[in-house]
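The values are calculated or read from the model by the stated rules, or taken from the named source; none is laboratory data. As the structure is a prediction and not an experimental result, all values here were calculated from the model. Virtual Cβ from ideal backbone geometry, glycine too; neighbours counted across all protein chains shown. Surface areas here come from the heavy atoms of the whole protein model, side chains and all, with no ligands, DNA or RNA. Shrake-Rupley method; radii C 1.70, N 1.55, O 1.52, S 1.80 Å.
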Amino acid sequence: MIINLLRGATAFYLALTPLALPSPAAMAATMTAAVVPVPEVLPLEDAVGKLPVADEDRTGYTRDSFRHWNTGLAPADGCNTRNEVLLAEAVQDPTVAAGCRLSGGKWLSYYDNVEVIEAGKLDIDHMVPLAEAWDSGASAWDAKRREAYANDQGAAASLVAVTARTNRSKADQDPATWMPPLPDAHCRYIGEWTATKLRWGLTVDQTEAEALKVYAEACETTIVHYNPAP
């Protein structure tokens, strides 16, 4: 599906040889098009070590500070971000009717390993909750960047379809106080939490940092992949 191709897409790189040098104008155009974030790949422990530690401050936070769900990656498809994520993460494709109404389909909520066959029983979880993002640096962003964060489909880890029960249990907690109920999901979750914070240049508080380090020691084979957000 187009959404699957767009979501989390990686950059292509061109190698130029002395035998076929482009014109200066073509080179300038290529250089402009090639200004893309460089993907980072590193062990979880190293990734956790890159997170800056700072006190959190929720002063002034409201959920309305982050506009969501917007028209998504493909405005012409009539689907908002929520439904685009559902379409991207379906393990069995739903039927899409007028107005992007979804019926049928199947999803697997990795937080609790539960299969879901009704889209309405799923929440789209912000891997790093909006309130936590605000505490960790998003309070200094403008409205446009906060909207980009709240609808981020540039990295598959940023938004995840999970059971409403687990999402609401998590609320705005960080890994120091909440983890997915399925123990087998913990290493993936910590990797994706860390990747999201690094992608958006967010900080961690001291308690959160200590919890992440403990999990990183137990998840020594976990690799973190992230691209800095535009």
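Among the residues of the range 107-144, those identified as open to solvent by 60 Å² or more (accessible area, probe 1.4 Å) and free of Cβ contacts under 8 Å to residues at least 60 places away in the same chain are Leu108, Glu115, Ile117, Glu118, Gly120, Lys121, Ala140, Asp142, Lys144.
Scanning the range 166-197 for residues that are closer than 16 Å to Pro52 by Cα and of a type in the set (Phe, Trp, Tyr) yields a count of 1. Which one is farthest from Gln153 (Cα to Cα), of the residues in the range 70-105 that are open to solvent by 70 Å² or more (accessible area, probe 1.4 Å) and in contact (Cβ under 8 Å) with a residue 40 or more places away in the chain? Ranking the qualifying residues of the range 70-105, first place goes to Asp93. Within the range 209-230, the residues that satisfy the criterion of being in a loop (DSSP other than H, G, I, E, B), under 30 Å from Trp141 (Cα atoms) and either open to solvent by less than 90 Å² (accessible area, probe 1.4 Å) or of a type in the set (D, E, K, R) (or both) are Asn227, Pro228, Ala229. Scan the range 172-200 and report the pairs whose first residue is among the small types (Gly, Ala, Ser) and whose second residue is in a helix (DSSP H, G or I) and at pLDDT 95 or above, with Cβ atoms within less than 8 Å and a gap of 6+ or a chain change. What qualifies is Ala176/Thr207; Ala176/Glu208; Ala176/Glu210; Ala176/Ala211; Gly191/Leu44; Gly191/Ala47; Ala195/Ala47. Reported count of residues in the range 164-195, each being open to solvent by less than 10 Å² (accessible area, probe 1.4 Å), within 20 Å of Leu86 (Cα to Cα) and of a type in the set (A, V, I, L, M), is 1.
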